[in-house]
Amino acid sequence: MNPKAAVVLVALVATLGQPKLGEPEAMVPLPPAAAKVATDFLFAFSRNDRATVSRMLPDRLENLYGPCPFARMPALTKPRADTRIGVIDFQGPMGDPGLPKKGSIVLRYVEENGLRAWRVRQLYWYEKLPREAKLPERSPTATDRAQEPRVRQAAVEFLEAWLAEDYEQMDALTFHWWEAPRRQPKWVRMTGANLTARSSAMGGLRVDFVAKLKVMRFIPKSVGGHVWLVEEDGVWRVRPLTFTFLF
């Protein structure tokens with residue numbers, strides 16, 4: 001991992017991994033099988049074990065992406081791009097009362113069949129983006145600024161497909177980060193996690209977690225986040241786009 005990427009991801013762990021929610025939701029029992037899947041997923045993700053992560057995702061697209069969390073198309077503002085990373089902010093009513101009404105969509109610039117395109121990588125909800133978060137604040141070059149309309153269009157197409165429950169189209173517009181191999185990080189290690197389950201209007205369970213880390217092998221750190229679980233054919237699976245935790 002290059003130094004710039006490491007700085008970005010460390011900042012995201014410290015900030016976006018601890019979003020403030022909207023209206024509080026009731027706690028519900030966390031089945032032992034669901035707790036194991038959530039814990040195993042977090043450990044696999046922390047090691048960049050993408051093969052294990054991929055095996056823990058739903059097979060059916062409607063379960064992979066789930067119900068749209070937006071009650072309607074949100075307002076999209078401030079598109080920006082920085083080489084391969086795109087960001088656009090959103091604000092609007094949520095179908096899930098536990099989510100804040102604003103956040104950011106992060107996109108990745110990819111090459112497919114000889115063509116370059118923006119694909120949605122992740123969604124983050126927060127009340128206020130902390131200053132320490134290293135998401136691009138602006139497009140630094142003229143080349144990046146020229147990509148801003150494309151970032152916006154990619155986000156609009158993705159959200160339109162989600163609202164229409166067109167999961168095949170969503171899948172085509174998604175950057176499948178879980179299929180991209182990554183080296184195991186040497187500077188951070190997960191040692192455990194505390195889990196709490198809450199009901200979710202997005203279906204399945206929203207599992208809030210506090211993960212315990214060791215940074216640089218000896219610095220302890222705890223970060224929080226959320227992982228959405230859905231039961232498919234009697235097995236708990238993890239939805240990858242609404243997962244708020246990065247290394």
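If you take the residues in region 105-137 that are among the basic types (Lys, Arg) and either under 16 Å from the mean Cα position of the chain (by Cα) or part of a strand (DSSP E or B) (or both), which one is farthest from residue 151 (Cα to Cα)? Even if it seems obvious, please write down each step before you answer.
Start the filter on region 105-137 by keeping residues that are among the basic types (Lys, Arg), which leaves 108, 116, 119, 121, 128, 131, 134.
Add one more test, that the residue is either under 16 Å from the mean Cα position of the chain (by Cα) or part of a strand (DSSP E or B) (or both), and what stays is 108, 116, 119, 121, 134.
Values: 108: 9, 116: 12, 119: 9, 121: 12, 134: 18 Å.
Out of the qualifying residues, it is 134.
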Any pair with Cβ under 6 angstrom, 6 or more apart, that starts in region 169-183 at a residue that is more than 17 Å from residue 66 (Cβ to Cβ) and touching a residue at least 60 places away in the same chain (Cβ under 8 Å) and ends at one that is surrounded by 12 or more Cβ atoms within 10 Å (Cβ to Cβ) and of a type in the set (S, T, N, Q): 182/48
Residue match in region 147-155 (condition: in contact with a helix residue (DSSP H, G or I) (Cβ under 9 Å, 6 or more places away or on another chain), closer than 10 Å to residue 81 by Cα and at pLDDT 95 or above): no
Failed criterion for residue 214 (all others in (1) assigned to a strand (DSSP E or B); (2) more than 19 Å from the chain's Cα centre (by Cα); (3) surrounded by 17 or more Cβ atoms within 10 Å (Cβ to Cβ) hold): (3)
Output for region 140-152, where each listed residue is without any contact (Cβ under 8 Å) to a residue 24 or more places away in the chain and either of a type outside the set (Gly, Ala, Ser) or outside any helix (DSSP H, G or I) (or both): 141, 143, 146
Some residue of region 185-198 being part of a loop (DSSP other than H, G, I, E, B), touching a strand residue (DSSP E or B) at 6+ places or on another chain (Cβ under 9 Å), in contact (Cβ under 8 Å) with a residue 12 or more places away in the chain and of a type in the set (Ser, Thr, Tyr): no
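A quick yes/no check of all residues on (1) within 16 Å of residue 122 (Cα to Cα); (2) among the aromatic types (Phe, Trp, Tyr); (3) in contact with an Asp or Glu (Cβ under 9 Å, 6 or more places away or on another chain); (4) not assigned by TED's automatic domain parsing to the domain that holds residue 115:
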residue	(1), (2), (3), (4)
142	no, no, no, no
145	no, no, no, no
148	no, no, no, no
156	yes, no, no, no
159	yes, no, no, no
163	no, no, no, no
166	no, no, yes, no
174	yes, no, no, no
The one condition in (1) loosely packed, with under 15 Cβ neighbours inside 10 Å; (2) in a strand (DSSP E or B); (3) modelled with pLDDT under 95 that residue 77 fails to fulfil: (3)
Any hit, region 46-65, residues being modelled with pLDDT under 90 and in a helix (DSSP H, G or I): yes
Test: residue 222 is buried (at least 21 other Cβ atoms within 10 Å of the Cβ), of a type in the set (S, T, N, Q), outside the structural domain of residue 107 (by TED's automatic domain parsing) and modelled with pLDDT under 90: no
Residue match in region 87-103 (condition: in contact with a Phe, Trp or Tyr (Cβ under 8 Å, 6 or more places away or on another chain), polar (S, T, N, Q) and modelled with pLDDT of 90 or more): no
Single condition residue 168 does not satisfy, out of (1) among the acidic types (Asp, Glu); (2) in a strand (DSSP E or B); (3) exposed (fewer than 15 other Cβ atoms within 10 Å of the Cβ): (2)
Restricting region 185-198 to residues that are under 19 Å from the mean Cα position of the chain (by Cα) and closer than 30 Å to residue 94 by Cα, the residue that is surrounded by the most Cβ atoms within 10 Å (Cβ to Cβ): 193
Test: residue in region 83-104 that is more than 25 Å from residue 227 (Cβ to Cβ), assigned by TED's automatic domain parsing to the domain that holds residue 150 and in a strand (DSSP E or B): no
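The values are calculated or read from the model by the stated rules, or taken from the named source; none is laboratory data. What you are looking at is a predicted structure, and each value in this text was computed from that prediction instead of being measured. Don't worry about glycine lacking a Cβ; one is built from the backbone with ideal geometry, like all the others, and counts go over all protein chains shown.
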